[in-house]
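The structure under discussion appears below in the form of C-alpha cells.
The values are calculated or read from the model by the stated rules, or taken from the named source; none is laboratory data. Computed from a predicted structure; not experimentally measured. In this analysis, Cβ positions are derived from the backbone assuming ideal geometry, glycine residues included, and neighbour counts consider all displayed protein chains. Quick note on the areas: whole protein, heavy atoms, side chains included, nothing else; ligands and nucleic acids left out. Shrake-Rupley method; radii C 1.70, N 1.55, O 1.52, S 1.80 Å.
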Amino acid sequence: MSVAATVPALKPRLSSRQLAWAIFSLAVGGVGIGVTEFTMMGLLKEVELGLNISTPEAGHLISAYALGVVIGAPLLAAVGAKLPRKYLAMGLMLFFTLANLTSYIAPDYGTMLVSRFAAGLPHGAFFGVAAVIAASLVAPTKRGWAISMVMSGLAISNVVGVPFATWLGQTFGWRLLFVLVGVIGFATLACLWKYVPFEKAHADASIRRELGALKRLQVWLAILIGIVGFGGFFATYTYIAHTMTSVAGIPASLLPVVVALYGLGMVAGNIIGGRVADKSVMGTIYWVLPGIAVALVVYAIAAHWPWSALIMVFVVGAAGSLLIPALQTRLLDASPDAPSLASSLNHAALNVANALGAFLGGLVIAWGWGYVAPALVGAVLAVLGLGVALLSGLLERKKPLAP
C-alpha cells in the first residue's frame, strides 16, 4: 500500500489558492514552534537572572523541552490516531499554546521546568501530522514539495521570529517570549480551522496500527540516519556564536546577522530539498549527506576569516536543511499504514541529534581542540549517516518497501 493510498488527495482537488492557504496555516504553527525552541538559547542570561538560577540549570530548560519532543512525538501521534487529522493538529496546537502561556506565569524554576517539558510534547506530533496533511493535499509526485513548505515555518522562524523574540525578551522582559508564542499559536488555530480541509480518519486507524511502524527495520534506519547524519548540523550550530566571535573575529553585535544568515540558508535548503526529494528520496539522501560533510570541513577552514565564515554559515544552514524533506518522505514510505507516527518520529530523531551533536561538540572543545572542532566531528557524523543510508538502500533492494 502506498502513502498516496493511505493519505489520499482530496477530491475534487483544492484550487491553488486553497492549497496555498492550507499549507500556510500548517507552516505558521512551525513558526511558533521554532520561536519557542530556539529563542530560549538567546535569552538564557535573562532567564538565569529572572529565576535566580545557574547557567547549567537554565540549560536544563532547553533539555526539558527536547525531552518532551522525543517522548511526545510517538506518544501523542499514536494516541491521536483515531482522530481526524485536522482536529488532531488543532488539539496539538492548542496544547502547545496553553503550555507556553503556562511558562509565562510559571512562578519558579521547578514549575518552569515542567511547563517547558509540556510545551515540547506536541512539537514532533504536530509536525508529523502536518506533514501527512500536506502530503494528502497534493499529487504523490509533489509530496516532498508540500512537506518542505510546511517545514519552512521552522526555517523562517530563525530568520524573522527568533531575532524579533530575542529583541523583545531582552528589551521588555524574557517572559514576553511566551506571550508572543501564544499569539502565534492562537493565530495558527484560527487558520487551521478556516483553511485546512476536513477529512475523516482512516477506517482502520488505531493506536496498535500506528505503533506497528516501530516493528519495521527501515523506519529505525531512517530515524538513525536523522540522528547520526543531522548530529553534525547541531554540533556546529550549538557553538556557532563562539566560533564566529572567537575564531572569525566577528563582533558579538553582529550575531543576529549570523543567525539570520543561517536561517536564510535553512529556508533555501528546505525549498530545494523538497524539490529534489520529489525526484528521488534515497538519491537525495545519498548526495546530501556527503555534501554536508564537505560543507562542514570547508566551514572549519573558512571560519578563520570573517567574510568566508559568513558565507559558510549560509551554506551549512542550507546543506543541513536539504535533508529534512527527504527524511520525512522516507519515513512515510517506510510505514504507509502508520504515517502520523512515522512522520512524527523524524522530529524526535532531530532532537536526539541536537543532544548528540551538542554533547560531542562540547566534548572536543573540552579536550582543547578549539571551536572549529565540532564542525569536523559533524563531518564524521554525516559520513556515518551516509553509511546507514547505504545499508538501508541495500536492504531495500533485497526486500522492497511495501507497495
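Table for the structure above
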item: Residue list for the stretch 108-142, restricted to those being without any contact (Cβ under 8 Å) to a residue 60 or more places away in the chain, out of contact with any Gly (no Cβ under 8 Å at 6 or more places or on another chain), part of a helix (DSSP H, G or I) and not aliphatic (A, V, I, L, M); result: Tyr109, Gly110, Thr111, Ser115
item: Residue in the stretch 288-307 that is among the aliphatic types (A, V, I, L, M), within 24 Å of Gly34 (Cα to Cα) and surrounded by fewer than 21 Cβ atoms within 10 Å (Cβ to Cβ) present; result: no
item: Which numbered condition Thr243 fails, given (1) over 30 Å from Gly91 (Cα atoms); (2) assigned to a loop (DSSP other than H, G, I, E, B); result: (2)
item: Candidates Tyr65, Tyr104, filtered to the one that is over 28 Å from Leu356 (Cα atoms), assigned to a helix (DSSP H, G or I) and either among the aromatic types (Phe, Trp, Tyr) or in contact with a Gly (Cβ under 6 Å, 6 or more places away or on another chain) (or both); result: Tyr104
item: So Pro336, is it surrounded by fewer than 17 Cβ atoms within 10 Å (Cβ to Cβ) and not hydrophobic (A, V, I, L, M, F, W, C); result: no
item: Any hit, the stretch 80-98, residues being farther than 29 Å from Phe198 by Cα, modelled with pLDDT of 90 or more and open to solvent by 20 Å² or more (accessible area, probe 1.4 Å); result: no
item: Matching entry among Trp145, Trp220, Trp167, Trp174 (being open to solvent by 10 Å² or more (accessible area, probe 1.4 Å), assigned to a helix (DSSP H, G or I) and more than 28 Å from Asp337 (Cβ to Cβ)); result: Trp167
item: Hits in the stretch 366-403 (condition: open to solvent by 40 Å² or more (accessible area, probe 1.4 Å), touching a residue at least 40 places away in the same chain (Cβ under 8 Å), in a helix (DSSP H, G or I) and closer than 23 Å to Ala248 by Cα); result: Leu376, Val380
item: Selection status of Met40, touching a Ser or Thr at 6+ places or on another chain (Cβ under 7 Å) and open to solvent by less than 10 Å² (accessible area, probe 1.4 Å); result: no
